[in-house]
Amino acid sequence: MTSYKELGLVNTRDMFAKAIKGGYAIGAYNFNNMEQMQAIVQACVETKSPVIMQVSRGARDYANINLLRNMARGVVEYAHELGCDIPIALHLDHGDSFETCKACIDNGFSSVMIDGSSLPYEENIAVTKKVVDYAHQFDVTVEGELGVLAGIEDEVSAAASHYTQPAEVIDFVSRTGVDSLAISVGTSHGAFKFTPEQCTRNAEGILVPPELRFDILAEIEKKLPGFPIVLHGSSSVPQQYVKIINQYGGKLVDSIGIPEEQLAKAAKSAVCKINIDSDGRLAMTATIRKILAEKPAEFDPRKYLGPAREELKKMYMHKNIDVLGCAGHALD
Ligand code: G3H
Ligand code: 13P
Ligand code: ZN
């Protein structure tokens, strides 16, 4: 058993309390490899932002749990070396079972999500409560989910979303004891969140997707005052990256994400964790495609992974400063 405290990590309790009070959200950024990890930490140290580094089941399979744990230790030391001891949580994204959550808690994670959102309501409560009871013995925080997002998360995909029902949230939170709640209010996973038919064109001819359901979010906030809410599927799918990818041989058709203004509005509410994965994938892929196309003789991975890491860092800094509002809040 390795406690996250030995690794210098923190759970999300304090982070969320401060985020709610300060009217901002914390970036929950997925990582699978060293370059992504470096970009996240560099961006968060430079913007003095707290951060949640999250690992999906796919990432665990890809990177190995022992390596991830040691990377997390390295992340804390790296932030220190870069000059700012920002609060860093290591979070399991979309935990699919009690066993997966337990394995992560036992291996140094400071926060876990148990995603029972595709289960019948009572089964979601039962498995979430089981994870909470185990996690809280070690002061690990737990995120649960009510409502279903459209799109693909790990290997589970849902064709349509089911918005979270505000009538259920008090019962769910009080019976499970979760520390935060992921809800479904119109975001979805992946780079293809909306079809062009679902969007309208603004004055500049840009496709704008339907507004998030801020009415449902407000109702949930009213039922759970001061309780931390989480938004998954919150990539904005920056069109400059989609354009570069397609310009250099990619085939991303109709990739439309959540407008950043809507995320910025949500960040000022009880939403205090915003999950972003796909945007990072797009930033890296766009950079790598461009370099490989323009310099076909290049074969040193550092020559394309290095610039991809720089672009990623720039993107996370922009999210922290301009979208989530968490910049400058690391040492609150
Ligand atoms: O919600 C899902 C995340 O974007 C993780 O995706 O399983 O491909 O790592 P992944
Ligand atoms: P995106 O696919 O919108 O980046 O969402 C990521 C996510 O919710 C991870 O849990
Ligand atoms: Zn998610």
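The values are calculated or read from the model by the stated rules, or taken from the named source; none is laboratory data. Fair warning: this is a prediction, and the values are worked out from it, not measured in the lab. Positions of Cβ are generated from backbone atoms using ideal geometry, with glycine treated the same way; all protein chains shown enter the neighbour counts. SASA here: full protein model, heavy atoms, side chains in, ligands and nucleic acids out. Shrake-Rupley method; radii C 1.70, N 1.55, O 1.52, S 1.80 Å.
Starting from the residue with the highest accessible area, list VAL112, VAL253 in decreasing order, probe 1.4 Å.
I get VAL253, VAL112, largest accessible area first.
By Kyte-Doolittle mean hydropathy of at least -1.0 and Cα axial length of at least 15 Å, which whole DSSP H helices of the chain are selected?
34-46, 65-82, 121-136, 166-176, 278-294
Take the stretch 24-144, drop everything but the C-alpha atoms, weight them equally and run the Debye formula without solvent; then report log10 I(q)/I(0) at 0.14, 0.20 Å⁻¹ to two decimals.
-0.58, -1.06
Just to verify a number: FRET efficiency for LEU82 and GLU261, C-beta to C-beta distance, R0 = 35 Å, to 0.05?
Efficiency computed from Cβ-Cβ geometry: 0.70.
With just the Cα atoms defining each centre, how far is the stretch 211-265 from the stretch 84-136? Give it in Å.
23
Could you do me a favour and compute the accessible area per residue for the chain, 1.4 Å probe, result in Å²?
43
Given an 8 Å cut-off on Cα distances and at least 6 residues of separation, report the relative contact order of the chain as a percent.
Relative contact order of the chain: 22 percent.
How large is the charge dipole for the chain, taken about the Cα centre, if only the Cβ atoms of Lys, Arg (+1) and Asp, Glu (-1) carry charge, to the nearest 20 debye?
620
For ASN64 and SER97, FRET efficiency with R0 = 30 Å and r from the beta-carbon atoms, rounded to 0.05?
Between SER97 and ASN64 the formula returns 0.95.
Of all beta bridges DSSP finds with both residues in the chain, what is the antiparallel percent, to the nearest 5?
Here the antiparallel bridges make up roughly 15 percent for the chain.
If you roll a 1.4 angstrom probe over the protein chains with everything in place, what fraction of the accessible area of the chain belongs to carbon and sulfur, to the nearest %?
Exposed carbon and sulfur together represent 54 percent of the surface.
Using a 1.4 angstrom probe on the protein heavy atoms only, could you order PHE299, PHE214 from most to least accessible area?
Largest accessible area first, the residues go PHE299, PHE214.
Which FRET efficiency, nearest 0.05, do GLN240 and MET34 yield, Cβ-Cβ r, R0 25 Å?
Computed FRET efficiency for GLN240 and MET34 comes out at 0.50.
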